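One structure is given below, encoded as structure tokens.
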Amino acid sequence: MNTLLNAGFMDSSLSQDAGRLALGPDALSLLIDVLGHGVIVVGERGQIIHANRVARTELNRQRVLAKVGGEVHAVTPADSRTLQDALGKAGGGKRSLINVSAGSLSLTLAVVPLKLDADAWETRIALLFARPEVGESGMFGFFARSYGLTQTEEQVLAILCRGLSTPEIAVQMKVAVSTVRSHVRSLCAKTGSSGVRELVNRVAVLPPVAPVHLAQIH
């Protein structure tokens with residue numbers, strides 16, 4: 001509870017009532033953990049205060065970000081300097097949008113100061129990960145199961161959400177264009193969507209919940 005208060009996630013005027021209600025692990029920490037977007041709360045020097053499950057997964061993989069000596073770092077020296085510059089700006093109350101990458105992998109981060117109280121000993125900073133691929137969303141699979149989509153229909157829908165056209169999907173899946181169109185018609189019928197745009201928009205606004213398998217990662 002105190003960690004989140006200090007990080008600026010909770011209004012201190014609510015802390016007394018919240019404390020009486022919290023009988024187990026901090027509810028806000030649990031909420032942050034189920035988000036499909038990675039969230040890391042750090043100090044001005046990058047020292048990690050809290051990382052949700054999606055963020056911990058990325059840090060453990062050490063693909064574009066890593067935990068070094070309790071601090072968050074980009075895996076390449078150039079991106080580490082970019083991250084440190086953004087943290088410095090956040091310490092002065094400014095937001096940044098940066099990209100960190102390694103090889104073919106790239107991750108966009110919003111670097112946002114959380115507390116600008118002049119009396120605070122140090123500003124807390126949130127590193128917010130860009131939205132993951134549709135297929136990595138916990139709600140995408142739930143959406144597919146809710147409407148009884150086949151595995152192939154789910155695959156077509158995931159590719160549609162990446163902005164590919166019907167001919168492009170046919171090439172990627174190595175099937176006829178007419179086959180893809182048949183799957184799209186079935187998708188629209190099953191979900192009650194008037195067309196591809198409405199179907200994709202419905203997926204786009206699904207709640208940002210992490211996949212269930214991430215619950216096993218600590």
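Which FRET efficiency value, to the nearest 0.05, do you get for residue 200 and residue 89 by plugging their Cβ-Cβ distance into 1/(1 + (r/R0)^6) with R0 = 41 Å?
Efficiency at R0 = 41 Å is approximately 0.70.
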Taking a probe of 1.4 Å and leaving out DNA, RNA and ligands, segment 43-109 shows per residue an accessible area in Å² of 52 Å²
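Ordering 185, 63 by how much accessible area each has at a 1.4 Å probe, largest first, what is the list? Provide the component values of the computation, followed by the final result.
On the way: 185 150, 63 95 Å².
Greatest to least solvent exposure: 185, 63.
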Taking R0 as 30 Å and r as the Cβ-Cβ distance between residue 102 and residue 175, the FRET efficiency 1/(1 + (r/R0)^6), rounded to the nearest 0.05, comes to 0.35
For residue 153, the net charge from surrounding residues (Cβ-Cβ under 13 Å; K, R +1; D, E -1) works out to +3
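The values are calculated or read from the model by the stated rules, or taken from the named source; none is laboratory data. Just so it is clear, the model here is predicted, and its values are computed rather than measured. A quick note on method: Cβ atoms are made from the backbone with ideal geometry, for glycine too, and the neighbour counts reach across all protein chains shown. The area values use the complete protein model at the heavy-atom level, side chains included, leaving out ligands, DNA and RNA. Shrake-Rupley method; radii C 1.70, N 1.55, O 1.52, S 1.80 Å.
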